[in-house]
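Here's the structure, in structure tokens; my notes come after.
The values are calculated or read from the model by the stated rules, or taken from the named source; none is laboratory data. Given the structure is predicted, the values throughout are model-derived calculations rather than measurements. Quick reminder, even Gly has a Cβ in these numbers, built from the backbone with ideal geometry, and neighbours come from all protein chains shown. Side chains included, ligands, DNA and RNA excluded: accessible areas come from the protein's heavy atoms. Shrake-Rupley method; radii C 1.70, N 1.55, O 1.52, S 1.80 Å.
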Amino acid sequence: MLDTLRQIVQEVNSTEDLAEALDIVVRQVSRALESDACSVYLIDPHTKEYVLAATEGLNTKVGKVRLKLGQGLIGLVGDREEPINVENMLSHPNFFASPGLGEENFHGFLGVPMIHQRRVMGIITIYQSEQRLFAEDEQSFLVTLAAQLVGVIAHAQVVGTEFLQKSIWKRRKKQSLNYNGIPACSGVAFGQSIVIYPSARLDLVPERKTEDIDSEFKRYTEAVEIVKGEITNLRDGLTNFLNEENRAVFDVYIQILESDSLYSDVKAEILKGFWAPWALRKVIDGYIAELEKTNNEYMLERKDDFRELGRRVLSQLQSQKRLTPNYPDNTILIGEQLTAASIAEVPEGKLAGVVSLEGSSNSHLSILARALGIPTVVGLEGACLKELDNKEVIVDGYYGQIYINPDRAVRREFIRLKKEEDDLQAELSELRDLPAETIDGHRVKLEVNTGLAADISQSLQVGAEGVGLYRTEIPFMARDRFPTENEQTIIYRQLLKAFSPRPVTMRTLDIGGDKSLPYFEINEQNPFLGWRGIRVTLDHPDIFLVQMKAMLRANAGLGNLRILLPFISSIGELEEAMRLYRQAYDEVREDYPDLEKPELGVMIEVPAAVTMAEDIARRVDFLSVGSNDLTQYILAVDRNNSRVANLYESLHPAVLRALKQIVDNGKAERCSVSICGEIAGDPIATIILLALGYDSLSMSASRLLQVKWVIRNFTKQRSEELLEEIWALDDAQEIRRYMESVLEEEGLGGLVRAGK
Ligand code: PEP
Ligand code: MG
């Protein structure tokens, strides 16, 4: 049975046409289980009806039979969310004969729900003429198949395939729609949507023959030209984000596309009579297989370049009209799973809002959006990309809602709220030079997290007191080799100078997990528990020493550098890192005899470091809490996985207790304690962090004035009283709601919802 299942799934995956995929399913299931009929019903998300989408053995056209939720045996399967196996469906109280379908000829019935992320997407049924219960193994076969198939259906719904739009979904009269998602960056945005379609999958391209070799070859050549143009534009568009050298990786792509071998190898496959997508897949697969055989590191690292290029050329072949979108002035960028690169593709000043159907509030896309202060919603439920394209859109980044073609009343209301928000922003900008001090005189230092060049001016504009976290991996990411000591020195010195005399906390390279370098691939089954952060750099003292020496050199004569070590989970690691730090310092001091030794700190982002916080604090100058990772490790929730995004909560009582333990232990050793995870920039959490006693909060520049506003409206004493009440709450949502009401009562509601 496993072989049959695998074969069906493979066949389904080899077609991009949902109607064809469902036909394969009903045909193959009928054959494999020797049933007399098999059907698939899909839910029309607009009318909330089951629609017959494919059938083998029943006599009607797909799209014509529609059942209400809860109606008939199909409805019962959906309501109960479990398989229903009936010996004689005609005598079942829920049986409902859809006219003209011919179900009256059958008796045995098995219906299995297709469920995706707790949502029923459809039902798959099999029928038998004689009265009988289906066997257990038949039932588990269908359950397994349904679980595999539902991903394909969910994806088709997101993309809005032609089959769904024309045959399954009813046309809607109502034009305005709204969707719920997860708020990722607060603020209200108005604009026109541009949808970025999901990337093409080279591994799913089927082998197909063509009669028209000339036109296949022509369209391949055109696709390559478009991709070359696309990459050149992307490279030039990053001028404000990355320096010349960092953009060099794009030149490598162009060289590959222009190489004679790629061109002639694809041509040779097309000449054998294959269509262009298959020729491309075959050649790229062949190159990757060859690269995998070599022991040459450099060549091995080229694999990803070939994959990326193959994907881009394929997406051109699959939709020859896909050109760089014409971004309107107020672009609301929408995609299934947008990346930081897709944000960078929008010309400067045109991006108003971001909506990613997948993603979580702590993915790097969300962090980047917050750094840029762009209202963002992720993890949208039940949306279809096609319906979102080129529409008037309102993004409410407070409540995680988006409105498509909003009606007049909604538009008017949001115009009012946006106006209030702009007024509030103007008021907040007056706080720029005022201290972040509570009413009873308690000072908190407010710093920024940086990584992009564009951050610097924005950070200074909001009056940041320093950089609490500089993620050094960003300049490492966009090149095709490790930067040299000299190159790094130049980059670091620019930042130190820009902020001087304010302190700049530079974190040593923190790769692994979800952050990889194009030229230093880390392939692991469990990357978040694997070779990450300090573990990588301690295993590569060459990389670590070069980086620390570059930082120390950059600091010569300035003296505002602090060094931060990521992902420390044991004292042994810390001591080894400290030994290397001393070595780097001694080496650089040979050139600069008066060299100062910058403060050294440790990120507390692993549960082990929480329990060892006192021992760590005794050895270093400061602690900085990485609450993004700490939350994921305490709650065992992948911070980037949209399936569990609803479980990722930095206000979870378990996380708050850890935050208390860290600050108490750090203080016991007279160590300063700061926090640089995203919670530091969440106005809802400000009072809690204040009460816990954090000395410094480091956040996206776009959040700094909001946090300052909260601090300036409370006394330290009141925050401590509120914290006592919070310890009595045992649920993150309850804590969130409670803190929202506190801000609202103080007249600070404009920080947590649209309006003032
Ligand atoms: C963190 O983990 O909280 C953090 C600040 O680091 P990053 O988000 O870069 O992992
Ligand atoms: Mg981290």
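Whole number please: convex hull volume per residue, Cα atoms of segment 438-726, in Å³.
129 Å³
Set the Cα radius of gyration of the chain against 2.2 N^0.38 Å, with N its number of residues, and you get 1.05.
Residues in segment 141-158 carry Karplus couplings, in order, of 4, 5, 4, 5, 5, 4, 5, 6, 6, 5, x, 5, 5, 4, 5, 4, 5, 4 Hz; the curve used is 6.51 cos²θ - 1.76 cosθ + 1.60 with θ = phi - 60°, and Gly or Pro positions show x.
Enter the accessible area per residue of the chain (Å², integer; probe 1.4 Å; all protein chains in place).
Numbers: 31960 Å² over 756 residues.
Result: 42 Å² per residue.
Cα-based values for segment 2-168, radius of gyration first and Dmax second, are 14.4, 41 Å.
Under the simplified labelling scheme, the residue 434-residue 721 pair shows an inter-label distance of 2.2 nm, with each label point 7 Å from Cα along Cα→Cβ. Once the Cβ-Cβ distance between residue 203 and residue 390 is put in as r, and R0 is 35 Å, what FRET efficiency do you end up with, to the nearest 0.05? Working from the Cβ atoms, E equals 0.70. In the distance distribution for segment 1-76, Cα-Cα pairs more than 15 Å apart total 59 percent.
Which residues in segment 612-630 have a backbone N closer than 20 Å to a point placed 7 Å from the Cα of residue 442 along the Cα-to-Cβ line? Output list for this probe position: 623-625.
Label-to-label distance for residue 213 and residue 657 is 7.2 nm, based on points extended 7 Å past Cα in the beta-carbon direction. Computed FRET efficiency, Cβ-Cβ of residue 131 and residue 61, R0 22 Å: what is it to the nearest 0.05? Efficiency for this residue pair is about 0.20. Determine the sum of side-chain charges near residue 23: Lys and Arg each +1, Asp and Glu each -1, restricted to other residues whose C-beta is under 11 angstrom from that of residue 23. Local charge sum for residue 23: -3. The radius of gyration of the Cα set in segment 543-660, together with its Dmax, comes out at 17.0, 54 angstrom. With each label modelled as a point 7 angstrom along the Cα→C-beta vector, the residue 745-residue 47 pair spans 5.0 nm.
Net charge of the neighbourhood of residue 334, taken over other residues with C-beta under 13 Å away and scored Lys/Arg +1, Asp/Glu -1, is -3. Accessible surface of the chain, 1.4 Å probe: 48 percent of it comes from carbon and sulfur atoms.
In the complete set of protein chains, residue-level accessible area for residue 275 is approximately 50 Å², probe 1.4 angstrom.
Local charge for residue 735 was computed over the other residues whose Cβ lies under 14 Å away, with Lys and Arg +1 and Asp and Glu -1, and equals -4.
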